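Novice: Structure provided below as structure tokens; questions to follow.
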Amino acid sequence: MRDGASSPSSPSLPTSFEFYIGGSVGPSLYVRLVDDGRLLYEWASAGGYSGVVMEASPTGEEWAQFRETAGRLGVWEWEPEYVSAYSCCDVTYWHLRLEMDGHSIVVRGANAYPGSPGLEVSKQFREFRAAVERLIGRGP
């Protein structure tokens with residue numbers, strides 16, 4: 001862990017965290033929390049897996065920012081499933097499992113996103129994905 005990182009028992013760390021987004025075309029990202037607070041992640045392209053697993057150790061401050069963003073975006077109120085009628089071809093799938101601060105959610109989607117009535121990726125979901133990418137040191 002980087003200096004200032006929280007211990008795994010700290011309330012600022014999730015007890016469970018897994019996020020995936022990808023599909024048959026385009027890039028994909030898979031992130032998961034391991035027991036000691038590290039995040040393992042993999043970037044890939046064209047729907048495959050790169051086989052290169054990288055590691056990040058977010059600080060307590062980074063987790064606090066993620067927790068604030070998740071709360072502000074209403075993640076805990078997301079529906080269990082978002083599926084578009086157009087989920088037959090060139091599908092982007094995503095999955096989130098998160099347990100943090102007494103909240104727990106498992107949600108998934110296929111060409112549909114919280115806060116979007118159509119195929120467009122919602123601002124809400126883009127902000128959440130950016131928060132995940134910041135945790136692994138690859139976001140804005």
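Novice: Less than 11 Å from a label point 7 Å out along the Cα-to-Cβ axis of Glu81: which backbone N atoms in segment 95-120 qualify, by residue?
Specialist: Under 11 Å, as judged by backbone N against the label point of Glu81, lie 108-110 of segment 95-120.
Novice: What residues have an amide H closer than 5 Å to that of Asp101, excluding those fewer than 5 places away on the same chain, when H is modeled at 1.01 Å from N in the peptide plane?
Specialist: It is Thr15, by chain and number.
Novice: Is segment 16-140 rounded, prolate or oblate when judged by the Cα gyration tensor, a ≥ b ≥ c being the square roots of its eigenvalues, rounded requiring a/c under 1.5 and prolate requiring a/b larger than b/c?
Specialist: oblate
Novice: Right, here's the next one. 5 Å is the cut-off here: which amide hydrogens, built 1.01 Å from N in the peptide plane, fall below it relative to Ser116, excluding neighbours closer than 5 in sequence?
Specialist: Here the answer is none, since no amide H 5 or more places off falls under 5 Å of that of Ser116.
Each value in this text was obtained by applying a stated rule to the coordinates, not by laboratory testing. Values in this document were obtained by computation on a predicted structure and should not be read as measured data. Positions of Cβ are generated from backbone atoms using ideal geometry, with glycine treated the same way; all protein chains shown enter the neighbour counts.
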